[in-house]
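The numbers here are math on the coordinates, done by the rules we state, and not lab data. Being a predicted model, the structure only gives us computed values, none of them experimental. Neighbour counts are summed over all protein chains in view; Cβ atoms, including those assigned to glycine, are modelled from backbone coordinates with ideal geometry.
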Amino acid sequence: MSRAEVVREAERVLQELAKHLEEIELEETYHVIEAEGVREDSAPERDSSFSEAALSIAPRRDGRYYVAEAGAWV
Amino acid sequence: MRVKIGFEIHEQLATRTKLFCTSPADYRDAEPNTNVCEICLGLPGAKPMGVNADAVEGVVAIALMLNCEIVQEPVYILRKHYDYPDLPSGYQRTSMPIGRNGELAGVKIWEVHLEEDPGKYDPVTGKVDYNRSGVPLVEIVTAPDITSPEEARAFMRELVKVLHYSGRVRREGGTMRVDVNVSIEDGARVEIKNINSIKGLYRALKFEITRQKNLRRRGRAVKRETRAYIEEQMITRSMRTKETAEDYRYIPDPDLPPLRLTPELVERVRSQLPEAPHQKLQRFMQQYRISKDDAWAITSEPELADAFERVCKEVEPLRAAAFFRHIIKKTLNYHNLSFAESGITVEDIVEVLQAMSSGRLSQQAGELVIREVVQQRRRASELVQQLSRVDERSLERAVEQALAENQKAVQDYLNGRKEAINFLLGQVMRITGGRADAAKALQMLRERLS
Amino acid sequence: MNELVLEHSPLENLERCLERIQEREREINAFIELNPRAEEEARRAERHGGRLCGLTVAVKSNINVRGLRATCASKTLENYVAPYDAVAVQRLRSEGAVIVGMANMDEFACGSSGETSYFGPTQNPAAEGRIPGGSSSGSAAAVAAGFADAALGSDTGGSIRNPASHCGVVGIKPTYGLVPRHGLIDLAMSLDQIGPIARDVRTAALLLEVIAGRGREASMLDVQPQPYTRHLSADLAGVRVGFAREFEEVTSPEILGVIKRSLRRLEAQGAEVVEVELPSLEKALPTYYLIVFVEFFSATRRYDGRRYGYRIEEVCGAEVLRRIHLGSYISQKEYAGRYYRRALQFRSLIRRELLQALEQVDVLAAPTTPKLPHRLGESLTPLEMYAYDLLTVPANLAGIPAGVVPAGRVRGIPVGLQVHAKPLEEQVMLNVMLAAEGAE
Ligand SMILES: [Zn+2]
């Protein structure tokens, strides 16, 4: 199946699914648990072996920099 | 033509760690891509830690100082999706408003948010440094209440002062970013990005308003667009859209529960709130009985105001105020430094003021000491020693020496050329290294020549 | 006993797993990558011990294991060597588990058959020629084939339970927020949970108690790990087991037969089976998928080609593309109300119904899938594929725990009984699973 066909078919799938969800009056559930989700500020942490490992898998790099497209946003 | 200007101001909060991880928030002396972890690099699978409470409180404090009401409903943290090389996850996290309906200097503050800084991307070389990624920012959105570049500048100065007073933002400078929207006579709204100084803001507005007025005069419509301010050329230029995705597809971040700004939290922050600049100004005028102009100059920076209060424990306030406004503030402005950066201490100021009031130091020498403290990073105590006036006996000796070495000038004076005394005075000053009291020296010369 | 006693030393145990892998992996395709340091880890386990000393574990390829590739079975991440360990992986390691390798899966966990992997489909070791189920296809297959003693999977809408059922092993989706997700690559953040797969309930329970408990991430429950294995008991006196009539309407009769026999077995061990109602069950599937589309779209924005080499839309398979496209479409400002927010409203409804049903009982028993696994290579429409998830998505929508235990076979094909419990009531769920175990 071509990518264009997938996209076309996807919209039919969506309509099939969405037709079961009629309008209702209820609050949305964004989170199923109550968590505080806040932490105290603390002493900073740095792991140089991690930052090396992360940089080493970059498809393009220049020294310690990651490299994205150049010139395209100028 | 009626001009409407509104702002979105972003400034970094002075926390130790980033907003959603424990990587260091201060990257100034760090090698590129070293202040990072899987969270702020947006690596696959990384989940945000709890929100940095210090950053949340910082935004609450700033919102309160901007006279905002603090939102009581749960504050969701949203994902704002757009595609740009500095965004490691393809979305930026930004909170729903924490403060609303504030006011500063007659300008309505619409909203105050908490958000994360993206990384730093150089569009020319393509290099990306994620040290900045995830640093907490406060975002302040104003109503388009401002009507001229001059007003804009005055408002921004006031806002910067309030942020500074809050003690919650980075003091190193250079981290503020302002997006400005400008429209004329209800024409299309143009947004200008990439402004990072008040001077730049003023120039960008001057340019942009002229540009829009010219377009209208020629009967052409102003296009709704985003423009970048080009600092070097002092112009704005239509910008390839970075953050102008037609739709950010905001969703509450499923990885982050909403913030709850409980009344207890708000009250705690409120009770610890530093005095606002305008409150301090009023208090200084009353408590120290100084003029409004003096108080204005002294309260321009909280550190300067604190220093003033400490100096006033040792020195008479009116004299201190004059010295702060005319000597210290002038020196800071000349060197374009803040008081905190200047290296001047309270001890330095007290030393100089006491030396001046005892007559050991002239007004000019006092100013010189302050300048030397700033430029040479030396202490006032040793400088005062060097610059304080010579005593009577030394002055007498200097006068004798000047007369003995300049017989011709003496003769000229005695022959009626009265202006020759100025030359002799100059010689006395030279011999004493400028530390002579000029009036006294003149008096002595006249006595000796009469 | 809340510690593992293996028959063999860690090194011998690993050898045996590797032998079986040598024999059958070419046929099963359970792994994307084997761990070259497994032997080293086994030796370390011999020295340091731990509650899981020497237990061999397969890790689903959407979980970060430092130094191994977390590909999500996609070309998108084929070169992504994880530079950090998921929290669950750290916890396994610290108790002496040995990571055998990275298990195959449906691409980005988008699938219920194990067929959408960029690295080829996985065979069902327990039912030749059939799909193993998904998306934790390789994890369940590895355990079923004896390639590993246990596995980590992830479950967003049944991805642990579905292949556990099809492969005849035990699988647990814990309460949302019980196990840290840090290191689990997202399908849908509000639904995903990491959970264990094992050949028996006790091993699965032990794994769960090792990986459960508060981590540093924001969206977690503030709870300590519980000693499930210590309190494990098959005595069901006084335990009320719910079963909803709506399950019968959607499940094939042959599967239903196995499930009913399993319920009678529970009754024999003292349980009381009670009928409950889930009137909105049929809404769960569309609700689930609309939420997944949007969250998955958001999660995949980072695969823009800059950092991992490929832009996901250019290299992914049809199902991943379909979900990204729909997620992008329905999260647009003008459609969000009609689709995404509507789905979140239905999520509230389904969650409420499930929690209400669970108020009347201790656990809710259910089939795991409505039908038996299809033959590998058989072509299904997207909606036919989604229908596999009908009975597993409610637990994720509600955030409650659900486990699957082998309950019998139909024509030789394994069928698992699914047991749901209230949030954080994993213990009673495990006890009921233990009682149902050994039906074959
Ligand atoms: Zn970080």
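Assorted remarks:
- Calculated mean residue ellipticity at 222 nm for chain B: -12500 deg cm²/dmol, from DSSP H runs with n ≥ 4 weighted as -39500 (n - 2.57), summed, divided by the residue count and rounded to 500.
- Computed from the Cα positions only, the extents of region B:3-270 along the three principal axes stand at 55, 45, 35 Å, in decreasing order.
- Degrees separating the helix B:149-166 axis from the principal Cα axis of chain B, which is the longest one: 90
- Largest-first principal axis extents, alpha carbons of chain C, Å: 54, 52, 44
- With a cut-off of 17 Å on the backbone N, no residue of region C:159-173 is near the modelled label site 7 Å out from C:Ala268 along Cα-Cβ.
- Cα gyration tensor shape for region C:10-231, rounded if a/c is under 1.5, else prolate or oblate: rounded
- Convex hull (Cα only) mean projected area of region B:392-449, reported in nm² to one decimal: 3.3
- Sequence-separation-based contact order of region B:189-241, relative, with Cα cut under 8 Å and 6+ spacing, percent: 46
- Gain on full stretching of the segment that runs from B:Asp306 to B:His278 - 0.36 nm per residue minus C-alpha separation: 8.6 nm
- Tail beyond 18 Å, pair distance distribution of chain A (Cα, percent): 76
- Computed FRET value (nearest 0.05) for B:Glu264 with A:Arg3, which takes r as the C-beta separation and R₀ as 60 Å: 0.65
- Rounded to the nearest 500, the helix-only mean residue ellipticity at 222 nm of chain C stands at -11000 deg cm²/dmol, with each DSSP H run of n ≥ 4 adding -39,500 (n - 2.57).
- Using distinct alpha-carbon pairs, which all enter the 1/r mean, Kirkwood radius of region B:275-387 in Å: 13.9
- Reciprocal mean inverse distance between Cα atoms of chain B - Kirkwood radius, Å: 25.9
- 3J(HN,Hα) from dihedral phi, region B:82-99, Karplus parametrisation 6.51/-1.76/1.60, rounded to Hz, x for glycine, proline: 7, 9, 7, x, 8, 9, x, 10, x, 8, 10, 8, 9, 7, 5, x, 9, x
- Bins of 20 Å, starting at 0 and running to the largest distance - Cα pair percent for the protein assembly as shown: 13, 36, 26, 15, 6, 3, 0
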